[in-house]
1. Working carefully through the options Asp323, Asp305, find the one that is within 25 Å of Val239 (Cβ to Cβ) and either surrounded by fewer than 19 Cβ atoms within 10 Å (Cβ to Cβ) or touching a helix residue (DSSP H, G or I) at 6+ places or on another chain (Cβ under 8 Å) (or both).
2. Evaluate the following for Val259: is it crowded, with 16+ Cβ neighbours inside 10 Å and either of a type in the set (Lys, Arg) or assigned to a loop (DSSP other than H, G, I, E, B) (or both)?
3. Looking at segment 273-286 only, could you name the residues that are under 16 Å from Arg254 (Cβ atoms) and of a type outside the set (A, V, I, L, M, F, W, C)?
4. Pull up segment 145-200, narrow it to residues that are among the aromatic types (Phe, Trp, Tyr) and modelled with pLDDT of 95 or more, then point me to the one that is nearest to Ala330 (Cα to Cα).
5. Condition first: surrounded by fewer than 22 Cβ atoms within 10 Å (Cβ to Cβ) and part of a strand (DSSP E or B). Now tell me which residues in segment 1-27 satisfy that.
6. List the strands (runs of 3 or more DSSP E) inside segment 49-121, counting only whole elements, that have at least 3 residues being modelled with pLDDT of 95 or more and surrounded by 15 or more Cβ atoms within 10 Å (Cβ to Cβ).
7. Just to be sure, is Ser264 without any contact (Cβ under 8 Å) to a residue 40 or more places away in the chain, surrounded by 15 or more Cβ atoms within 10 Å (Cβ to Cβ) and small (Gly, Ala, Ser)?
8. Can you say whether Val26 is modelled with pLDDT of 95 or more and out of contact with any strand residue (DSSP E or B) (no Cβ under 8 Å at 6 or more places or on another chain), as far as the supplied structure shows?
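The values are calculated or read from the model by the stated rules, or taken from the named source; none is laboratory data. As the structure is a computational prediction, the values presented were derived from the model and not from experiment. Cβ: placed from backbone, ideal geometry, glycine included. Neighbour counts: every protein chain shown.
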Amino acid sequence: MMNVAIAGFGFMGRMHYGCWKKVPEVRVAALCDRDRRQFDEPAAAAGNVSGADASCDFGEAAIYEDFETMLDEVKPDVVDITLPTFLHVPTATLALSRGIHVLCEKPMALNAEDCDQMLAAWRKAPSGTELMIGQCLRFRGEYVYAKRLIESGEYGRVIAARFGRYSLPPGWTRDGGKSWFFDESRSGGVALDLHIHDTDMVNFLFGMPSAVTSSAYYDNDGAMIHISTLYDVGGPSVVADGGWGMAKSFGFERGFQIVFERASLVMATNRQPEFCLYPMDGEPFVPELPVSADAYQNEINWFVDKLKGLPVEAVTSPEACRDSVKIVDAEKLSARNKKLVQIA
């Protein structure tokens, strides 16, 4: 039996909790959050996607408010870190130093330099200790299909690609006022918390760009609200944009369009069907997904298989997730300075 502890029990902690409970031979042994109210109120946390466990039924899981005490007493095999971004490096470092496997929710850290600290801690950890960063779209069926279609060349080369996600402001906080997500020193802001999903997809599908050109809008307090980026990937025109300036009535929307020489692949929440391939010759059709659209469940299943020593596809790595943060660093710099930024 694999014992798992979850650190951070807001919206994403509950999302991961529901997934871990579905994995055979896994027991959620402990939950940790310094805000006791997370455990006392059903549906205490909310987010921009559905699926989080909103109940107060925590089974056998012990409840903790202190992370180190939880590690001392529970001695979990795996720690799942779903804390605010600025806490990722210290908590992951402590767990890794004890030989505890770590699944850390995206983004890996506030900047590439901090990511390097986590990587260094992982490399110093006892042999066999695993680290995974939860860039979940790498495990979502539509994006996996897109990658395989690009690699197959079935419809020719990619001409252009656009990715985007648009959200209402992140107001899912208990105590009113402006959400901590707007504080770049804690969350990394919209570019690192929301937009990184699409930045990581550019990295996943086309490789590390050599340069970025970004523009952004900032509110009166200097917080970035929206960002648009052109990525130099050495061929197709690749753009991604997103923000959290949408009206509450709008909600959340995300998707992509990938234009091949002989087809277009589209994923859009405002279209029916939501996912469709449009060949130049022939009728549009909905492709069969190679894996399910449940990205969170897929990533956790993949990590468990890896920990068990089973063969897994090379979908992700800590280094690749660090590179995606490095790209966002360059995007932020480009937007602030209003000029192209080369990525070394």
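1. Values: Asp305 fails: within 25 Å of Val239 (Cβ to Cβ).
Result: Asp323 is the single residue among Asp323, Asp305 that is within 25 Å of Val239 (Cβ to Cβ) and either surrounded by fewer than 19 Cβ atoms within 10 Å (Cβ to Cβ) or touching a helix residue (DSSP H, G or I) at 6+ places or on another chain (Cβ under 8 Å) (or both).
2. Details: crowded, with 16+ Cβ neighbours inside 10 Å: yes; either of a type in the set (Lys, Arg) or assigned to a loop (DSSP other than H, G, I, E, B) (or both): no.
No.
3. Pro273, Glu274
4. Just the residues of segment 145-200 that are among the aromatic types (Phe, Trp, Tyr), to begin with: 145, 155, 163, 166, 172, 180-182.
Among the residues that remain, those that are also modelled with pLDDT of 95 or more are: 145, 155, 163, 166.
On the way: Tyr145: 28, Tyr155: 32, Phe163: 18, Tyr166: 21 Å.
So the residue we want is Phe163.
5. If the condition is that a residue be surrounded by fewer than 22 Cβ atoms within 10 Å (Cβ to Cβ) and part of a strand (DSSP E or B), then Met2, Asn3, Val26, Arg27 are the ones that fit.
6. Details: elements: 62-64, 78-81, 101-105.
Filter on segment 49-121 gives 78-81, 101-105.
7. Considered against the rule, which asks whether it is without any contact (Cβ under 8 Å) to a residue 40 or more places away in the chain, surrounded by 15 or more Cβ atoms within 10 Å (Cβ to Cβ) and small (Gly, Ala, Ser), Ser264 comes out as yes.
8. Details: modelled with pLDDT of 95 or more: yes; out of contact with any strand residue (DSSP E or B) (no Cβ under 8 Å at 6 or more places or on another chain): no.
In short, no.
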